[in-house]
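Beneath this line is the structure, given in structure tokens, with notes to follow.
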Amino acid sequence: MRELSTKERGIFKTRIANALLSSDNIRDILLGDVSELSEIDLITKFKEHVKSHLFIDETIKDTDTFIFYDVIMPRLRPQTKSFQILLYAICHRDILENYSKEGFYGNRADILSEMIEETLLDSSIVKKFGIGDLQLDNVDIYNSTTFYGIIMSFEGKNFR
């Protein structure tokens, strides 16, 4: 029996969150040193910075770094369906220029977007998102009064 498309959205969101949480680099840029945290405290703190929705206005007030994402299924054909992952990698403007990590380039938002791309397109992760490869389709700029970041759009296909 095939997965219902709306159920699969939730499954994909869980896979995205788990992939992001599994990245040492992403945990570092979002949370700093987590070596003293229990697994439960780590997950709780991580969820304060990673949200499975795109409602940003008035959601965050802290001078910090965040990831917001959602899954869209714009084309549902008889045999296949297309899906998009929209992901916002944002940070407060006051900390935009105060992060660096060897091997990564640009400001904090640029570095975070590179870490996200590296994580989601990893071969062990990408195979969990349907048929074929998950691809980064578009990169844009998120700019608000207090937050700046990168909007990333990933595309993939799956059987219906």
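FYI, it's all coordinate maths here, none of it is from the lab. Since the model is a prediction, treat every value here as computed from it, not as a measurement. Note that each Cβ is placed from the backbone with ideal geometry, even for glycine, and that neighbours are counted across all protein chains shown.
Miscellaneous remarks
- Within the shell defined by Cβ-Cβ distances under 14 Å, the residues around residue 138 carry a net charge of -4, with Lys and Arg each +1 and Asp and Glu each -1.
- The chain, relative contact order [Cα under 8 Å, separation at least 6], %: 23
- Residue pairs, from the table 45/157; 7/47; 13/101; 61/157, whose Cα atoms sit over 25 Å apart: 45/157; 13/101; 61/157
- Every helix of 4 or more DSSP H residues in the chain counts as -39500 (n - 2.57), and over all residues that averages to -10000 deg cm²/dmol at 222 nm.
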